[in-house]
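Undergrad: Would you mind keeping the following structure in view while I ask a few things?
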Amino acid sequence: MLRHLFGEPERQDSGLILKTNQVLGRYLNDLHDIESKGQSDLSKLRRWEIWVHSFITAVDELEQGVYSSLKYSEQVLNRNVEDMKSEEQTEYRRYLYYYKNSFIRVFAILDKLGFFLNERLHLNTEKVKPRFSYFTVIRQMHDRHIQTDLEQKLYNLKVKYSEPLNKLRDYRNVEIHSINYEAADDLLHSATVGAFSWNHIENLPGNNQILQKCFEMVCETIIAIYNAPCFTDGRA
């Protein structure tokens, strides 16, 4: 949808996003087969179908944001805002918009996955922590020894992507709960060089690499969940 902004054709799915959509599509087909055979409660099937469609949309929107962040960052050549001409400053602001939008979406999708797991596996995580996250749900699966194979896969993904995920979480927390993240980067830079400047910009290629890794983590997590035997028969 957003590739037209760069004069490009619509995305042709390949690689990880293709695999993610294939897994989700196969799960939808399984739900339809179960419905046709009258093997499960219709209201539950509809609810599970809504979950799948929400993840298909969420992954698509995240990929577009990640891609747009990358494309706009490629137009930013200077490391200080004061050295940029008006057009480059505009490209930088567009980069910031899609980068922030994307790192917020990463954790929104993970938390949706947490709510899905909590509901489907009857984990009752809200009794342990009323405002729980995806990572709280994984801990609950571990503590209660529920679907241990799936829990181990999800934990391994958490460990595999811990470094980029932790960095992105810090950006997210600063952006949502404190000053915006680019201002925080200015403060960090000033502490390093000994002089404060609002105009220093962050490491855009490094940021995009972190964001891409977290996108991969989201996709691999969805694939692991929807390929799990406890879900592939449409029953939890």
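The values are calculated or read from the model by the stated rules, or taken from the named source; none is laboratory data. Keep in mind that what you see is a predicted model, and the values were worked out from it rather than measured. Note that each Cβ is placed from the backbone with ideal geometry, even for glycine, and that neighbours are counted across all protein chains shown.
Undergrad: Just give me the residues in segment 6-16 being surrounded by 10 or more Cβ atoms within 10 Å (Cβ to Cβ) and out of contact with any Lys or Arg (no Cβ under 8 Å at 6 or more places or on another chain), in sequence order.
TA: Hits for segment 6-16 are E8, D13, L16.
Undergrad: Confirm whether Q89 is in a helix (DSSP H, G or I), at pLDDT below 95 and out of contact with any Leu (no Cβ under 6 Å at 6 or more places or on another chain). Reasoning before the result, please.
TA: Values: in a helix (DSSP H, G or I): yes; at pLDDT below 95: yes; out of contact with any Leu (no Cβ under 6 Å at 6 or more places or on another chain): yes.
So Q89 passes the test.
Undergrad: Follow-up question, since we're still on this one. State all residues of segment 126-139 that are assigned to a helix (DSSP H, G or I) and either within 22 Å of T232 (Cβ to Cβ) or basic (K, R) (or both); if no residue qualifies, say none.
TA: Step one: of segment 126-139, the residues assigned to a helix (DSSP H, G or I) are 126-127, 134-139.
If the condition is that a residue be assigned to a helix (DSSP H, G or I) and either within 22 Å of T232 (Cβ to Cβ) or basic (K, R) (or both), then K127, Y134, V137, I138, R139 are the ones that fit.
Undergrad: Right, next: Can you pull out every residue in segment 66-82 that is in contact (Cβ under 8 Å) with a residue 60 or more places away in the chain, of a type outside the set (S, T, N, Q) and either crowded, with 16+ Cβ neighbours inside 10 Å or assigned to a helix (DSSP H, G or I) (or both)?
TA: Selection gives V66, Y67, L70, K71, V76, V81, E82.
Undergrad: Is it the case that segment 57-65 has a residue that's outside any helix (DSSP H, G or I) and in contact (Cβ under 8 Å) with a residue 12 or more places away in the chain?
TA: Looking for residues that are outside any helix (DSSP H, G or I) and in contact (Cβ under 8 Å) with a residue 12 or more places away in the chain, one finds none in segment 57-65, hence no.
Undergrad: Take segment 136-180 and flag every residue that is modelled with pLDDT of 95 or more, farther than 12 Å from M217 by Cβ and among the β-branched types (V, I, T).
TA: The answer is T136, V137, I138, I146, T148.
Undergrad: Search segment 52-95 for residues being of a type outside the set (F, W, Y) and touching a Ser or Thr at 6+ places or on another chain (Cβ under 7 Å), and hand back the single one that is farthest from G7 (Cα to Cα).
TA: So, considering only residues that are of a type outside the set (F, W, Y) and touching a Ser or Thr at 6+ places or on another chain (Cβ under 7 Å), the one farthest from G7 (Cα to Cα) is V59.
Undergrad: Specify which of the listed residues (A184, A195) is of a type outside the set (S, T, N, Q), modelled with pLDDT under 95, part of a helix (DSSP H, G or I) and out of contact with any strand residue (DSSP E or B) (no Cβ under 6 Å at 6 or more places or on another chain). Please lay out each step first, then the result.
TA: Numbers: A195 fails: part of a helix (DSSP H, G or I).
One residue alone meets the criteria, A184.
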